[in-house]
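Following: one structure in structure tokens, then a few remarks.
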Amino acid sequence: MARSINQNAYSGALPNFRNLGIALRIVVIVNVMALAAAIVQAKDLRLLWSVLLESSAIVQPLLILSLFALVALNDLLKRLPYYLGVLAVLAIELVLTTLLYTFGQPLLDADPAPLTRYWVLVALATGTLLLYFDLRGRALSPAFTEARLQALQARIRPHFLFNSINAVLSLIRQNPKRAEGALEDMADLFRVLMADNRSLSSLAREVNLCRQYLELEQLRLGDRLQVEWHIDNMPADALVPPLVLQPLLENAVYHGIEPRVEPGVVSINVYSARGQVHAVLRNPYRQEGDHHAGNKMALANIRERLQLHFDAEATLDTRIGDDTYQVHIAMPYVKGSDS
Amino acid sequence: MDDEAPARSRMHDVLADCAQELSLEIAGDVASGRAALELLERVPCDVVLLDVRMPEMDGIELAHHLLKLDRPPAVIFATAYDVYALKAFEVNAVDYLLKPIRAARLKEALARVRTARPPRPETLRELQRVPRAHLSVQERGKIELIPIVDVVYLKAELKYLTVRTVKGEHLIEESLARLEEEYAERFVRVHRNCLVARAAIRGFERTAKDGETHWVVLLSGIEEKLPVSRRQQHVVREFSR
């Protein structure tokens, strides 16, 4: 798994072939290409099926072999500069085609087309796929979404910032010790908020950040904010996108606790199961809530970042229960060497 | 008044700083709109400092209800960060303070208050972004808050408006048209003079009166049936769907 997605000035990168989403995309796109080719070849649409079957005899084995080869060589390819990586992938494909052509004769027609024809076709298909992944990488690159992300951050945070400063000011005269602690928490929090948050960070660090954030909120809200942590089975070394939980907690406090007079519980449940890290956040919810636009923006932001890091392997679901609102994030358990 | 304790304690500190130059007396601090009304009924004040964003009843709604007091106080709003509120305050020339509050700014605002009057209801209506959570009425020298969720129907009668809840009736001085606008989602007009809470409608019934048949609304919680005017008969169809 790519540890970082440093693509500020996007210079192209091969996709992560070990990612299930990438593999699925390759399979689907190659098969669509084969279908398109079959439609062009078949003189009559009734013959389509037989033409498709014929081409599948070479397309499918080649596809499977390629996927295995790319998964196996993924780390090696990653280390190459982009243009060398592209050439290497092309070379792998051409070698596989040649091998299949030489040793797989029984699969082909009695009278096969010359090898060069296969080479051209395979090179075209590989080139198209790589171009697609390059464009997709660009579209999802942080440089592209950064402006949106920033606009989004400016939406909720000022409210929290000014309220916290106000709370700290109130402590300075009566309880200077606590004021000190609160300012330290704030410094840590804003250091992370302002950092370059494009590489993955450890779950332990993220949870710690959430704790500091909630402590600040508790300063202001007192008993109204009650927090339940269920993190005994948390995989502390798992790598997660930074600030994946804290904005959700900010939402939980803003929409779930602040509009209520009576105390409310925000619960955080983090655990791992079957190679996945799950985070479930719950907060009280009242039907006639206002400002929902802000909430949706934050969710869309997190969903986008999850997709950028983990593609189809991460999910984010929200559910509205009787009087609770729940966000459930599932992402692959990527172990970090450092933590 | 502020729902957050540290914000109230900070306000005390800053007010104490101001007290050296202005003669002022602090009547008290409260955490909710209800408590504020109770306090002001007992201890009339010249000025209240109100936080805008609060649970149950926001500062602007509270300012509305405060107008029902015998001696309504002047109001200074305080807010940490609320783009909409700030814009509205500017437009309507309402005095406000930004949190964290500076002693100097507070002093200025308090000095101005000596000549200021309570906010006008039209101004507050401009500021109100979400429908009020309560209607208020002065009964026997006290301000009674009627949660809007409890209201079954509103009926205009001559000068007053009857507010009917399951528990009883209140008379308020407001315009039916304005309430219809404010609570467009909650109430539906069944008659020229009557708005009914959508949630309270149990069904419709056809009855004959003076040889003419017309529809009436059946309500949950109370026996009374309300006539549906000929012009509003489309409501019956909308609900039966």
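In a simple Cβ point-charge model (Lys, Arg +1; Asp, Glu -1; nothing else charged), the stretch B:101-188 has a dipole of about 700 debye relative to its Cα centre.
Within the stretch B:115-138, list the residues whose amide N lies under 17 Å from a label point set 7 Å along Cα→Cβ of A:Val261. Correct set: B:132-137.
Taking the average, over residues, of other Cβ atoms within 10 Å as the packing measure, peptides B:124-136, B:34-46, A:38-50 rank B:124-136, B:34-46, A:38-50 from highest down.
Dividing the Cα radius of gyration of the stretch B:71-129 by its Kirkwood radius returns 0.96 for Rg/Rh. For chain A, the relative contact order is 16 percent, taking Cα pairs closer than 8 Å that sit 6 or more residues apart in sequence and dividing their mean separation by the residue count.
Taking the stretch B:153-173 and a reference point 7 angstrom along Cα→Cβ of B:Leu218, no backbone N atom is nearer than 14 Å. Express the Stokes-Einstein translational diffusion coefficient of chain A in µm² s⁻¹, to the nearest whole number, given a Kirkwood radius over alpha-carbon pairs, 4 °C and a viscosity of 1.567 mPa s. Estimated via Stokes-Einstein, D reaches 55 µm²/s. Given R0 = 35 Å, the distance between the Cβ atoms of A:Gln174 and B:Glu139 translates into a calculated FRET efficiency of 0.30. Shown for A:Ser164, B:Ser23, A:Ser267: other C-beta atoms within 10 Å of each C-beta, ranked fewest to most, produce the order B:Ser23, A:Ser267, A:Ser164. Between A:Leu53 and B:Ser240, what FRET efficiency follows from the Cβ-Cβ distance if R0 is 56 Å, with the result rounded to 0.05? Here the calculated transfer efficiency is 0.45. Partner shielding of B:97-105 amounts to 2, given as the average count of beta-carbon atoms from other chains within 10 Å of each residue beta-carbon.
In this rough spin-label picture, where each label sits 7 Å from Cα along the Cβ direction, the A:Ile64-A:Thr116 distance is 3.2 nm. Between the stretch A:302-338 and the stretch B:52-71, the C-alpha centres lie 41 angstrom from each other.
Size check on the stretch A:198-246: the Cα extents along the three principal axes, sorted descending, read 34, 25, 11 Å.
Taking the Cα centroid of the stretch A:77-94 and of the stretch A:173-193, what is the distance between the two, rounded to the nearest whole Å? Here the two parts' Cα centres lie 50 Å apart. Averaging 1/r over each pair of different alpha-carbon atoms in the protein assembly as shown and inverting the result gives 29.4 Å, the Kirkwood hydrodynamic radius.
Computed over the stretch A:216-286, the alpha-carbon pair-distance distribution with 5 angstrom bins reads 3, 15, 26, 22, 15, 11, 6, 1, 0, each value a whole percent. A full extension of the chain between A:Tyr83 and A:Leu131 corresponds to an added length of 16.1 nm, given 0.36 nm per residue minus the alpha carbon distance. Partner shielding of B:199-208 amounts to 0, given as the average count of beta-carbon atoms from other chains within 10 Å of each residue beta-carbon. The slack in the chain from A:Asp322 to A:Leu20, taken as 0.36 nm per residue of separation less the alpha-carbon distance, amounts to 105.2 nm. Debye-formula intensities of the stretch B:98-241, expressed as log10 I(q)/I(0) at q = 0.11, 0.16, 0.21 Å⁻¹, are -0.54, -0.92, -1.35 (one equal scatterer per alpha-carbon, no solvent). Which residue, B:Thr79, B:Gly211, B:Val228, has the largest displacement toward the positive end of the dipole of chain B when charges sit on each Cβ (Lys, Arg +1; Asp, Glu -1)? Looking along the dipole axis, the top candidate is B:Gly211. Remark: C-alpha extents of the stretch B:7-106 on the principal axes read 33, 31, 23 Å, sorted largest to smallest. Among the residues of B:43-54, the average count of other protein chain beta-carbon atoms within 10 Å of the residue beta-carbon is 1. The lysines whose alpha-carbon is closer than 20 Å to the alpha-carbon of B:Lys99, local same-chain residues fewer than 8 away aside, are B:Lys87, B:Lys107. By the equivalent-ellipsoid construction on the alpha carbon gyration tensor, the stretch A:24-85 comes out with semi-axes of 31, 12, 8 Å, ordered largest to smallest. Simple point charges give the picture: +1 on the Cβ of Lys and Arg, -1 on the Cβ of Asp and Glu, and for chain B a dipole about the Cα centre of about 840 debye. Whole-Hz Karplus values for the stretch A:119-127 come out as 4, 4, 4, 5, 4, 4, 4, 4, x Hz, taken residue by residue from phi with 6.51 cos²θ - 1.76 cosθ + 1.60 and θ = phi - 60°; glycine and proline positions read x. Rounded, prolate or oblate: which fits the stretch B:99-170 when a ≥ b ≥ c are the square roots of the eigenvalues of the alpha-carbon gyration tensor, with rounded for a/c under 1.5 and prolate only if a/b beats b/c? Prolate, since a/c reaches 1.5 and a/b exceeds b/c. A Förster distance of 51 Å, applied to the separation of the beta-carbon atoms of B:Arg105 and B:Lys167, puts the FRET efficiency at 0.70. Remark: spin-label model distance A:Arg286-A:Arg138 equals 5.0 nm, labels positioned 7 Å along the Cα→Cβ axis. For B:Lys209, the lysines whose Cα comes closer than 29 Å to its Cα, not counting residues fewer than 8 places off in the same chain, are B:Lys155, B:Lys159, B:Lys167, B:Lys225.
Just so you know, all these numbers are worked out from the coordinates, no wet-lab data involved. The model shown is predicted, which means the values in this text are computed figures rather than measured ones. Note that each Cβ is placed from the backbone with ideal geometry, even for glycine, and that neighbours are counted across all protein chains shown.
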